[in-house]
Amino acid sequence: MQTRPLGTSDLQAVPLVFGGNVFGWTVDQQQSFRLLDAFVDRGFNVIDTADVYSKWVPGNHGGESETIIGQWLKSTGKRDKVILATKVGMDLGSGREGLGKQYILDAAEASLARLGVETIDLYQSHKDDAASPLEATLEAYAALMQQGKVRVIGASNYKGARLTEAIELAQREHLPVYQVLQPEYNLYDRQPYETDLAPVAQRFGLAVIPYFSLASGFLTGKYHTLADTEGAARGSRVTRYFDDRGKRILAALDRVADETGARQATIALAWLLAQPTVTAPIASATKVEQLDDLMAAVDLTLTQDQLQSLTDASAP
């Protein structure tokens, strides 16, 4: 694959990102391949993962998702059809974490090996690391970009002020600039992004690819009561959404579903896509039919009344 600058325009043309956190966790390699084939064969092309996926599964050590994606690329030859995004910085154990210069250089090599590629299209700081100077982090990315091993960098789980500081430092010192922001943002989790990060994204023209776009499955229509979460892989996360506001959101999604005939997951993603600073939501699926619901959001245009009803129901 030709190594060229990957700009926000590349991502602006891609309205949905497949979240690879499920690979090696809730789906095995065979099912992962089916999902990836279905996603790419429908014309979508951005796959997001991280070196830490899926360390939380008993017996896993991290890197399982990248390994599965790499095996899929090797078996299908579809490298030239996808934009690969991965992340660095989360705790992998044994002191392997953070955004120190040498650590990033080493972690990138490990991710490249697992993915079986020469270049990571989008390499993202998975979380801020206050112990590492911003300049050292950006210098690591500069070295990787000069070697053709990374095309563009992004940031996830940063505060607005810290992200601004990093971007201004990069501009001033002629270092690589974060071009992509991956925040937590969905119909329920709105305030931190909208009040702190959205202004930064707008100011610097960042491509925004929110994670937890479906609030760990809460917005898919799968859960209507706490009892529905029992035994679910993400059940412990979903329970926190069952407050009065969460129930209002579910009711609003149901109303719009009745009006449009669309699934709740499709509607929740369509609402995100209608937000002015959002480029492409990240969403995961464990079955191909679930993937169909996600991809349908691209073609669903909600009316202003429908958008407003969802916005009002989810008001913080």
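The values are calculated or read from the model by the stated rules, or taken from the named source; none is laboratory data. Every value quoted in this text rests on a predicted model; they were computed, and no experiment measured them. With ideal geometry, Cβ positions are generated from the backbone for all residues, glycine too; neighbour counts draw on all protein chains shown.
Among the residues making up segment 128-166, a single one is surrounded by fewer than 22 Cβ atoms within 10 Å (Cβ to Cβ) and of a type in the set (Val, Ile, Thr): THR164.
On the stretch given as segment 226-245, residues that are assigned to a loop (DSSP other than H, G, I, E, B), surrounded by 15 or more Cβ atoms within 10 Å (Cβ to Cβ) and either under 16 Å from the mean Cα position of the chain (by Cα) or charged (D, E, K, R) (or both) total 1.
Examine segment 260-269 for a residue that is surrounded by fewer than 15 Cβ atoms within 10 Å (Cβ to Cβ) and in a helix (DSSP H, G or I), and state whether such a residue exists. Taking every residue of segment 260-269 in turn, none turns out to be surrounded by fewer than 15 Cβ atoms within 10 Å (Cβ to Cβ) and in a helix (DSSP H, G or I).
Filtered by the rule that a residue be among the aromatic types (Phe, Trp, Tyr) and in contact with a Lys or Arg (Cβ under 8 Å, 6 or more places away or on another chain), segment 90-147 gives TYR103, TYR123. Restricting attention to segment 190-225, the residues that are touching a residue at least 60 places away in the same chain (Cβ under 8 Å), over 26 Å from TYR53 (Cα atoms) and not in a helix (DSSP H, G or I) add up to 1. Evaluation of THR301 against the conditions (1) under 28 Å from PHE44 (Cα atoms); (2) buried (at least 20 other Cβ atoms within 10 Å of the Cβ); (3) of a type outside the set (Gly, Ala, Ser) shows that the sole unmet condition is (2). Taking residues in segment 287-304 that are over 17 Å from ASP37 (Cβ atoms), and partners anywhere that are of a type outside the set (A, V, I, L, M, F, W, C) and crowded, with 18+ Cβ neighbours inside 10 Å, the pairs with Cβ atoms closer than 7 Å and at least 6 places apart or on different chains are ASP293/ARG263; ASP293/THR266; ALA296/THR266; ALA297/THR266; VAL298/PRO15; LEU300/THR266. LEU294 satisfies every condition listed in (1) modelled with pLDDT of 95 or more; (2) over 28 Å from GLY20 (Cβ atoms); (3) not small (Gly, Ala, Ser) except (2).
Residues in segment 33-46 that are over 17 Å from the mean Cα position of the chain (by Cα) and crowded, with 18+ Cβ neighbours inside 10 Å: PHE33, ALA38.
Just one of the listed residues (ALA252, ALA207, ALA215) is among the small types (Gly, Ala, Ser), within 30 Å of ALA170 (Cβ to Cβ) and at pLDDT 90 or above, and it is ALA207.
Out of everything in segment 11-42 that is without any contact (Cβ under 8 Å) to a residue 24 or more places away in the chain and among the acidic types (Asp, Glu), what residue ends up being farthest from SER54 (Cα to Cα)? Out of the qualifying residues, it is ASP41. Among the residues of segment 254-262, none qualifies, meaning not one is under 14 Å from LEU214 (Cα atoms) and in contact (Cβ under 8 Å) with a residue 24 or more places away in the chain. Within segment 102-120, is there a residue that is at positive phi, surrounded by fewer than 20 Cβ atoms within 10 Å (Cβ to Cβ) and in contact (Cβ under 8 Å) with a residue 40 or more places away in the chain? Yes, segment 102-120 contains at least one residue that is at positive phi, surrounded by fewer than 20 Cβ atoms within 10 Å (Cβ to Cβ) and in contact (Cβ under 8 Å) with a residue 40 or more places away in the chain. Quick one: is SER9 polar (S, T, N, Q), at pLDDT below 95 and assigned to a helix (DSSP H, G or I)? Yes: the conditions hold for SER9.
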